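Let me begin by presenting the structure, written as structure tokens, before commenting on it.
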Amino acid sequence: MSIGLTPTDDRIVVASEADWNDAWYLVCMKVSTIGFVVVDARERVATLDALRAAGITDIAGHLDARPDVADRLRHGMVILDVNEAAVRMFGAGGRADMIGQRTQRFFDPLCTAQVNSARAFAAGATAFQQQAHSVRLDGSRFETLFCVVPRADGASSGLWLASFVDITEHVERQMSLEVLRDELAHVSRISTLGELSASIAHEIGQPLSSIGMTAGAMLRLLDRADLDRDLLRRQCQRIVDQVTRAGDIIDRTRRMAAKRDSVRAPVSVAEILAEAAQFVAHDLNRGKIRLTVVPADAADAAAQVSADRIQLQQVFVNLLMNAIQIHRQARTPGPEITVETTCRDGSITVDVVDNGPGLDPDAVDRLFDGFFTTRTEGLGLGLRICRTIVAAHGGSIDARSRDGAPGARFTVRLPLARA
């Protein structure tokens, strides 16, 4: 298809509007409510060609190492034409306000969309799409879905077509939902800590009691004529150790209770499971429930996921507490909880299995619904929040009765962190 462009020494220009008068132009530039921008990208194409000619094959790596080259790519495109939707979207008075401008003028300086599109096309992509931080002519920021494709007959000449869809309201709604999700997760953590208050008090009471007894013993030693300094030193170290233990318990509880922004980082699943088990240790002992963590091989034990540590800890504490409370409610003889961890196909699976009464077949499909519970004292929020947290981490959670044995199996799947 002829594109009706006239190459000049320094720019590709539109000869006349009539030259564009074909079907694609009429739809994109005259009718569509999507913002369309025709771009002269010859400078960018020339820069990429020069890199290849210099023997650089890893374009992405080169751009990471050379921010000056990446900056040239960002500035290497000039706007040739825009439609009225783009004029309105970017707050221009007319097409003339945008034509001839460098495209970088309409992107936030920290936006990676333009450099990422260069990486994609250098790797052979025929189209590129990314959420972008866009800038209007008055300097105000908004969110767009940015798409760009080289024209079929302009891929080598540098004629590209970009589109912008304003998704600001969608992004704001998503952010609001994330805030609400975090608020609800925080409320659930506080509720869980309330249920664990007896356990926490007992756990803190042990080191405090030990500190008191040790200090009393030290006072008696000080009254003896034959003062044993080595024994006193060991007793002092015991107090220090118990203070550290109590501090760890308080710190762990404070982290769980704190209202904070979600922070993602590579975390060890084995460590999170161990911390979750510490939270419920007293309840396990009180109910004479045996907790077994199936030994994982070296790879499984070292598995990490990119996650918010406290939120993921909250998921496993909730699953363990559910199993404990089901055992207590059902008066299960010989109650047991088993935690099994396996890694396969780029994901980690954690199964929390109990030998309780199992799941009611009529209730299985509703377990993760809000305000649905099978426990007499339950609020029906815990499992729903667990699913929300796991889904936000790119994973899944489901429940079913055990095969061939009494009890239930809750399975959490999470993608492994990339090395």
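The values are calculated or read from the model by the stated rules, or taken from the named source; none is laboratory data. In this text the structure is predicted, and so the values were computed from the model without any measurement. Positions of Cβ are generated from backbone atoms using ideal geometry, with glycine treated the same way; all protein chains shown enter the neighbour counts. Surface areas here come from the heavy atoms of the whole protein model, side chains and all, with no ligands, DNA or RNA. Shrake-Rupley method; radii C 1.70, N 1.55, O 1.52, S 1.80 Å.
Here are the numbers for this structure:
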item	result
Lone qualifier among R72, R102 - being within 19 Å of R52 (Cβ to Cβ), among the charged types (D, E, K, R) and touching a helix residue (DSSP H, G or I) at 6+ places or on another chain (Cβ under 8 Å)	R72
Residue within the range 213-222 that is modelled with pLDDT of 75 or more and among the basic types (K, R) present	yes
All helices (runs of 4 or more DSSP H) inside the range 280-355 with 1 or more residues being free of Cβ contacts under 8 Å to residues at least 12 places away in the same chain	281-286, 298-301
In the range 381-419, the residues that are of a type outside the set (K, R), in a loop (DSSP other than H, G, I, E, B), under 21 Å from P357 (Cα atoms) and open to solvent by 40 Å² or more (accessible area, probe 1.4 Å)	D403, G404, P406
Residue under evaluation D308, criteria (1) open to solvent by less than 50 Å² (accessible area, probe 1.4 Å); (2) of a type in the set (D, E); (3) more than 25 Å from the chain's Cα centre (by Cα), criterion not met	(3)
Residue among A113, A118, A152 that alone is over 29 Å from V263 (Cα atoms), among the hydrophobic types (A, V, I, L, M, F, W, C) and modelled with pLDDT of 70 or more	A118
Those residues of the range 223-242 which are within 30 Å of A281 (Cβ to Cβ), in contact with a helix residue (DSSP H, G or I) (Cβ under 8 Å, 6 or more places away or on another chain) and at pLDDT 80 or above, in sequence order	Q235, C236, R238, I239
Odd one out for V280, checked against (1) modelled with pLDDT of 85 or more; (2) β-branched (V, I, T); (3) buried (at least 18 other Cβ atoms within 10 Å of the Cβ); (4) within 17 Å of V353 (Cα to Cα)	(1)
Helices (runs of 4 or more DSSP H) (entirely within the range 54-146) containing at least 1 residues that are among the hydrophobic types (A, V, I, L, M, F, W, C), more than 23 Å from Q174 (Cβ to Cβ) and more than 30 Å from the chain's Cα centre (by Cα)	67-75, 84-89
Residue in the range 76-96 that is of a type in the set (D, E) and open to solvent by 50 Å² or more (accessible area, probe 1.4 Å) present	yes
Boolean, D362 is at pLDDT below 90, assigned to a strand (DSSP E or B) and farther than 17 Å from V294 by Cα	no
Pick from the range 247-275, criterion at pLDDT 75 or above and assigned to a helix (DSSP H, G or I), ranking: most open to solvent (accessible area, probe 1.4 Å)	E271
